[in-house]
Amino acid sequence: MKKNPIIPFALIAVLGILAMIILSVVGLNEQERIATGGDGEGETTEADPEALIQSCIGCHGGDLEGGSGPSLNDVHERLSVDEIESMIINGSENGNMPGGLVTNEEAAVLAEWLAEGQE
């Protein structure tokens, strides 16, 4: 007696389609959770400047002592909070500092932190 070779392939195809449908439904629930801002556990209203500074260390160095960009350790002596925030949001006029690396809210947190001398 000869076995039908199409049945195993059809079974695999049906199982694959069912898996795609199940994963899609699960994904829709996750999409809603992500859109609402997570699961609500451990949410903070203010960003952590020491975590945000990770986008700066590529140019300003690991300790913000300077690299291809200037040192940020004494930026509070040279610029006001508003000037620091504007620089973070818009970048520098000469184009050496790109703007838009963080959101406006994160820029405000970073500017305040830098203006306080990173304490």
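Since every read-out is calculated from the coordinates, none of them should be taken as a lab result. For clarity, every value in this text was computed on a predicted model and none was experimentally measured. Neighbour counts run over all protein chains shown; Cβ positions are idealised from the backbone, glycine included.
Brief remarks on what is shown
- Shape call, region 49-115: gyration tensor on alpha carbons, a/c limit 1.5: rounded
- For the options Leu79, Leu101, Leu28, a Gaussian network treatment of the chain with springs between C-alpha atoms closer than 10 Å singles out Leu28 as fluctuating the most.
- Qualifying GluC sites (Glu not before Pro) in region 61-111, DSSP loop, other Cβ atoms within 10 Å at most 15: Glu65, Glu93
- Top of Val81, Val109, Val25 by mean-square fluctuation, Gaussian network on the chain, Cα under 10 Å: Val25
- Using the Cα coordinates of the chain, the gyration tensor eigenvalues translate into equivalent-ellipsoid semi-axes of 52, 18, 12 Å, sorted from longest to shortest.
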